[in-house]
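Where a number appears in this text, it was derived from the coordinates with a stated rule and is not lab data. Fair warning: this is a prediction, and the values are worked out from it, not measured in the lab. Reconstructed Cβ throughout: ideal geometry from the backbone, glycine too, with neighbour counts over all protein chains shown.
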Amino acid sequence: MYPEPIQTEILSIAPDRNGETGAECEIILPDYCPNVLRILQTDVSVTRKTCVPNADRLTVEGTAEFRILYLGEDGSGLSCVTQQTPFSCSLEAKTEEKDGFDVKIFPVACSARALTSQKLYARCTLQIRLRKDGKIPLPYLEDAAEYECKTETRTVATLLCTGEKPLRISDEFENETGKLATQICDCRVSFRETELKPLTDKLIVKGDMFLDLLCKAEDGALFSLRQTVAVSQILDMPNVGANPVCTVDFDLLYFTPSLREQPNGGQTVEYDTEIRVFCKAYGETEAEWVRDAYCAKKILDYTKTAFSVNRLIGVRESGSIRESVDVGSCTSILQATVTPEWKRLAYESESDALLCEGAWICKVLAVDGEGIQTALQREIPFRFQTPSEGCTNPIRNDTKVILTDLSWNLTDPAHLELRGTYYWNGLIVGQEKQEAVTEITVRNDRPRCEDTVTLCYAKAGESAWEIAKEYACPYGELMRTNELTEDKLESDRVLLILTN
């Protein structure tokens, strides 16, 4: 007989809530900025401020900062202007789902145009994604002990806890390039998680912050300043356990750099920044449910409930890339930046692996053969794979790819060679559909008969459970009487069935 069940909580993954809004602004150039001759590049960074519940909606608010690189009319070369503008987007959410959302905002379709030589108009589309993971009770049969039950036991995923905490940093680093910067034209910040250390009800998160600043020298030439900064934060994470599987997000709230001259003629870059460190900790638990049931003395009707169990596949890989990019005809490269963009997550049966496909988005500032500064954008496909570990139905990709140590070399006027180190970290969640018997009703009693002994001629591969159910005899008794240790019969044989 099946023992009294224990209510088990398993991981629940709600469908993504997606929304879209626009951000736009007009920019009046300050007096110290040259008039616009030609816009080369427009980028947007997004800061999420609040996620406010209101009736049956969630309102996400924040700011979008436009960074526009352009050529000035005075021949001074590249200049940069920035402008922040607020945005707001409302998405549907049930009353009981108001808290615990993981909010991601992706800027797409960024553009800018010059209304006059001193006035710009910029806009972009913001795609907003809300995700929420939680716990749901595993379906189970309350009166299972009264019946013969066939059970399924699996190791399945569960959500242990979440933690969130801001991290503020004020620091500086030296400009060791030998060139003095007069202006910071652009700044890019990325993160990589390097270590997770659970401590009872806390989690120590360590990572690297990669800074890439595009600077302008006194002679108008552009050069890059790069710095790697170690960051760490302690999050309150009750029930984190000893060996959690975690996803970590470093959300940049703001980054403000400035230049400071040193008495010895050197230069330092000072910066203030705030980062939101957000972590979800997952674990595994043994879950058991009833797949089938019958009774030797009664004819039953039962109800099955469909549910999903999830599996976790942790990803932590790194490698190097070496790619050639067609850049037309160029004499020099001023700057090259590379960011990843995911396209697809799928299972490939031939290699029994999970495939993550996407593209490196390469933006290049270059000087062409006529000495004109120009901006180019290219896509370089990438394809990563990881063992599926039995997961054939991936439903979520919470992995991140970053590229560090980026270097480039103009091998000839038409080709740019890019080199760097990539890190692919995070979590892939796979899902399996299952059914559990959750309710049984007695249709009627089985007809009573004298004790009988039946010989059943069974073939190899048949299930002892199905045979016991067909003859309405106790499953355990059938196994003991015939000295069976496995449900599937290894060979053709005669089974002795005792019924009463």
- Message: For Ala14, what residues show an amide H to amide H distance below 5 Å, using hydrogens built from the backbone and excluding near sequence neighbours?
- Response: Lys132, Gly134
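Quick one: dipole size for the stretch 202-247, taken about the Cα centre, charges +1 on Lys/Arg Cβ and -1 on Asp/Glu Cβ, in debye to the nearest 20. Display every interim value, and only then the final one.
Details: 4 positive and 5 negative charges, 46 e Å.
Dipole magnitude for the stretch 202-247 comes out near 220 debye.
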- Message: Can you tell me how the stretch 156-238 classifies by the Cα gyration tensor, rounded, prolate or oblate, using a/c under 1.5 as the rounded cut?
- Response: prolate
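Show me the ranking of peptides 24-31, 237-244, 394-401 by mean Cβ neighbours inside 10 Å, starting with the highest. If you can, show how the numbers build up before the last one.
Details: 24-31: 13.6, 237-244: 15.4, 394-401: 18.8.
Peptide ranking by packing, descending: 394-401, 237-244, 24-31.
Specify whether the C-alpha gyration tensor of the stretch 4-83 places it in the rounded, prolate or oblate class, a ≥ b ≥ c being the square roots of the eigenvalues: rounded for a/c under 1.5, otherwise prolate if a/b is larger than b/c and oblate if not.
On the way: a/c = 4.91, a/b = 3.19, b/c = 1.54.
It is prolate, given that a/c is not under 1.5 and a/b is the larger ratio.
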- Query: Reachable lysines from Lys150, Cα under 19 Å, same-chain residues fewer than 8 places away excluded?
  - Reply: Lys297, Lys298, Lys304, Lys433, Lys469, Lys488
- Query: For the charge dipole of the chain, defined by +1 on Lys and Arg C-beta atoms and -1 on Asp and Glu C-beta atoms about the Cα centroid, which residue among Thr305, Asn397, Ala122 has the Cα displaced farthest towards the positive pole?
  - Reply: Ala122
- Which value, in debye to the nearest 20, describes the size of the charge dipole of the stretch 412-500 about its Cα centre when Lys and Arg Cβ atoms bear +1, Asp and Glu Cβ atoms bear -1, and nothing else is charged? 160
- Message: If I model a spin label at Ser332 and Arg316 as a point 7 Å from the Cα along the Cα→Cβ vector, what separation in nanometres do I get?
- Response: 4.3
- Query: Hey, what do the phi angles of the stretch 322-333 turn into as Karplus ³J(HN,Hα) couplings, whole Hz, using 6.51/-1.76/1.60 and θ = phi - 60°, x for Gly and Pro?
  - Reply: 8, 10, 10, 10, 7, 10, x, 10, 10, 9, 7, 10
- For the chain, alpha-carbon Rg and Dmax in angstrom: 31.0, 108
- Item | Footprinting exposure proxy for Ser388, Ser190 (fewest neighbouring C-beta atoms within 10 Å first) | Ser190, Ser388
- Item | Radius ratio Rg over Rh of the stretch 449-500, counting only Cα atoms, Kirkwood formula for Rh | 0.93
- Under a 5 Å amide H to amide H cut-off, with H placed in plane at 1.01 Å, what residues pair with Gly220 once short-range neighbours are removed? none
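Which of the three applies to the stretch 1-137, rounded, prolate or oblate, going by the alpha-carbon gyration tensor with a ≥ b ≥ c and a/c under 1.5 meaning rounded?
Details: a/c = 4.75, a/b = 3.31, b/c = 1.44.
Prolate shape, in that a/c is at least 1.5 and a/b is the bigger ratio.
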- Within the stretch 156-217, how many lysine pairs that are 8 or more places apart, or on different chains, have C-alpha atoms less than 15 Å apart? 4
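How big is the charge dipole of the chain about its Cα centre, in debye rounded to the nearest 20, if each Lys and Arg gets +1 on its Cβ and each Asp and Glu gets -1 on its Cβ?
Details: 55 positive and 80 negative charges, 137 e Å.
Dipole of the chain, to the nearest 20 debye: 660 debye.
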- Query: Taking the Cα-to-Cβ direction at Arg396 and at Tyr471 and moving 7 Å from each Cα, how far apart do the two end points lie in nm?
  - Reply: 4.8
- Query: Extent of the stretch 189-299 along each principal axis, from alpha carbon coordinates, in Å, largest to smallest?
  - Reply: 95, 29, 19
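What percent do you get for the relative contact order of the stretch 277-421 when only Cα pairs under 8 Å and 6+ apart count?
Working: 222 pairs, mean separation 37.8, N = 145.
Answer for the stretch 277-421 is 26 percent.
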- Please name whichever of Thr158, Thr337, Ala64 sits farthest to the positive end of the charge dipole of the chain, dipole taken about the Cα centre and charges placed at Cβ: Lys and Arg +1, Asp and Glu -1. Ala64
- Query: Taking θ as phi - 60°, what are the ³J(HN,Hα) couplings along the stretch 165-175 by the Karplus curve (6.51, -1.76, 1.60), each to the nearest whole Hz, with x for Gly and Pro?
  - Reply: 7, x, 10, 10, 9, 10, 7, 8, 8, 7, 7
- Please report the base-10 log of the normalised intensity I(q)/I(0) for the stretch 315-428, using a Debye sum with one equal scatterer per alpha carbon and no solvent, at each q in 0.22 (1/Å). -1.12
- Query: Would you list Cys33, Cys356, Cys362 from fewest to most Cβ contacts within 10 Å?
  - Reply: Cys33, Cys362, Cys356
- Task: Using amide H atoms built 1.01 Å from N in the peptide plane, name the residues 5+ places from Asn175, or on other chains, whose amide H lies under 5 Å from its own.
- Result: Gln267, Thr268, Val269
- Message: If neighbour count is taken as other Cβ atoms inside 10 Å, put Val229, Val338 in order from fewest to most.
- Response: Val229, Val338
